[in-house]
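To start, the structure itself, in structure tokens.
The values are calculated or read from the model by the stated rules, or taken from the named source; none is laboratory data. It should be emphasised that the depicted structure is a prediction, and the values quoted were computed from it without experimental measurement. For neighbour counting, all protein chains shown are included, and Cβ atoms are generated from backbone atoms with ideal geometry for every residue, glycine included.
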């Protein structure tokens, strides 16, 4: 078996903890964001509606949202503008 010629490339620009959105997350959201990061999701932005924050993450396979309580939804009914 030959060794791989192409090493895996890191797609993230920076760690999620360095994101400007990281400080806007609750502790439960931070744990969930870290968990989804293992699957290639990246924190895109945090939306605040009616006093509640919703973390929005993107990945090549789709979109995920995380509530303030840390609940993950990988098939949300949400549209993201390009």
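Just to be sure before I move on: is residue 54 surrounded by 14 or more Cβ atoms within 10 Å (Cβ to Cβ), in contact with a helix residue (DSSP H, G or I) (Cβ under 6 Å, 6 or more places away or on another chain) and under 16 Å from residue 20 (Cα atoms) in the structure I sent? Step through it out loud before you land on a result.
Numbers: surrounded by 14 or more Cβ atoms within 10 Å (Cβ to Cβ): yes; in contact with a helix residue (DSSP H, G or I) (Cβ under 6 Å, 6 or more places away or on another chain): no; under 16 Å from residue 20 (Cα atoms): yes.
It is false that residue 54 is surrounded by 14 or more Cβ atoms within 10 Å (Cβ to Cβ), in contact with a helix residue (DSSP H, G or I) (Cβ under 6 Å, 6 or more places away or on another chain) and under 16 Å from residue 20 (Cα atoms).
Any idea which of 23, 48, 6 is part of a strand (DSSP E or B), at pLDDT below 95 and surrounded by fewer than 14 Cβ atoms within 10 Å (Cβ to Cβ)?
On the way: 23 fails: part of a strand (DSSP E or B); 6 fails: part of a strand (DSSP E or B).
Result: 48 is the single residue among 23, 48, 6 that is part of a strand (DSSP E or B), at pLDDT below 95 and surrounded by fewer than 14 Cβ atoms within 10 Å (Cβ to Cβ).
When you scan region 32-45, how many residues do you find that are in contact with a helix residue (DSSP H, G or I) (Cβ under 9 Å, 6 or more places away or on another chain) and crowded, with 16+ Cβ neighbours inside 10 Å?
Counting residues in region 32-45 that are in contact with a helix residue (DSSP H, G or I) (Cβ under 9 Å, 6 or more places away or on another chain) and crowded, with 16+ Cβ neighbours inside 10 Å gives 5.
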